């Protein structure tokens, strides 16, 4: 029987709950004697670029195992492979999986969807005394972007109705996130501390099946979903992605859409969190399939990749200080992924790059840290991609500005009931 290796140093406590089938997804190529490991064979006419050879040589010189790294790059037009390394091995994509969550959310509820958080008075308001004799109901629409600013503005709007004190409780219905906190109880506390309203009784919680009751006073309406996912990906906000995942049906819905829309085999993808936290699995080649599906979906709406990802070297966020040299800034639009402990550390990057001779390329680079410096791998990735662009005639930066250039702020609004 052919011996199999696990390329991700899976002997970690974070992975002990991994099923046997999921563990098999990470098997690699023990018999490979040189970097490559092409499970489906080498395509006719494919010649590994010098940049890839230099990349693997550098990894080896640093004492890293090249089997712990996955690369796949292909042309947007025609899908011709131009760089491959362990491209069919399932690695941990970390926050790159947020792109799957992005596509799933956009596909299900649409780019112009806005989330609503309603505030209702369950009782009479004594405006002269400034009291609500009852409960204040917070009916959550699972807005992943509800902020401290929203809490303050909602409180200000409620005070205009004469609500300065609540002689009952704050009653939170459904999952609620405030200031990028994933836990409803924590978020409710953040809201209470910032809304400027005093509550006599402790906060109560009801599940999403409870019906809102009382008089509607104020609705906080979020920015569009398109702007939310752009911000989420630019800053890699885990709570946003996990709230979105819950809103659209959980990790299984995201996985099913990747199978249906991107053509990924159901046995080749594992999603535990839509944010990319903990253990997830996806190969570099399948990540590029996801990228292609996302680009095609955006194209139907007349949108470009920077509608949901940030422009490296230009936009605020995790890519602001990467590829920021004058000749490279604007040439890569991508999503980062970083884990420091799970799977002994992960550095990931996936997106699109613009080159002069090969046009637009879709790419995914997965680097497992093996317990060594994770952040250093970002520099190794950047050097590899810069060399690759130069090998293909140099970068061709876009002159367009992305959506985040408009202040990098999400814009919600207050809707006051008449």
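Largest GNM mean-square fluctuation across 259, 47, 71, computed for the chain with C-alpha springs under 10 Å, falls on 47. By other beta-carbon atoms within 10 Å, ranking 53, 224 with the fewest at the front produces 53, 224. Calculated on the alpha-carbon coordinates, the convex hull of segment 148-236 measures out at 112 cubic angstrom per residue. By the helix-only formula, in which each DSSP H run with n ≥ 4 contributes -39500 (n - 2.57) and the sum is divided by residues, the chain has a 222 nm mean residue ellipticity of -9000 deg cm²/dmol. Taking only Cα atoms, what is the 0 to 90° angle, nearest 10, from helix 98-109's long axis to the longest principal axis of the chain? Once rounded, one gets 50 degrees.
Please work out, to two decimal places, the log10 of the ratio I(q)/I(0) at q = 0.14, 0.16, 0.23, 0.34 Å⁻¹ from a Debye calculation in which every Cα of segment 61-100 carries one identical scatterer. Debye curve over Cα of segment 61-100, log10 I(q)/I(0) at q = 0.14, 0.16, 0.23, 0.34 Å⁻¹: -0.43, -0.55, -0.92, -1.05.
In whole percents, the pair-distance distribution calculated for segment 285-418 from its alpha-carbon pairs, binned every 10 Å from zero, is 12, 38, 33, 12, 4, 1, 0. Each peptide in 205-214, 144-153, 77-86, 360-369 receives the mean, over its residues, of other Cβ atoms within 10 Å, and ordering these scores from highest gives 360-369, 144-153, 77-86, 205-214. Taking other Cβ atoms within 10 Å as a rough exposure proxy, 255, 289 sort from fewest to most as 255, 289.
Based on every Cα atom in segment 234-356, Rg and the maximum pairwise Cα distance Dmax equal 14.9, 43 Å. Label-to-label distance, residue 326 versus residue 265, with points set 7 angstrom from Cα along the beta-carbon direction: 4.9 nm. Between residue 198 and residue 215, residue separation times 0.36 nm minus the direct Cα-Cα distance comes to 4.2 nm. Relative to the longest principal axis of the Cα atoms of the chain, the long axis of helix 225-235 lies at roughly 60 degrees.
A full extension of the chain between residue 224 and residue 57 corresponds to an added length of 55.6 nm, given 0.36 nm per residue minus the alpha carbon distance. On full extension of the chain, what length is gained from residue 126 through residue 379, given 0.36 nm per residue of separation minus the C-alpha to C-alpha distance? Extra length available between residue 126 and residue 379 comes to 84.9 nm. On the principal axes of its alpha-carbon atoms, the chain has extents of 81, 49, 36 Å, going from largest to smallest.
Highest GNM mean-square fluctuation among 245, 102, 355, for the chain modelled with Cα contacts below 10 Å: 355.
Sorted ascending by nearby beta carbons within 10 Å, beginning with the fewest, 98, 300, 160 become 300, 160, 98.
Throughout, read-outs are computed from the coordinates displayed, never taken from laboratory work. This is a predicted model, so every value here is computed, not measured. Here Cβ is always computed from backbone atoms with ideal geometry, including for glycine, and neighbour counts include all displayed protein chains.
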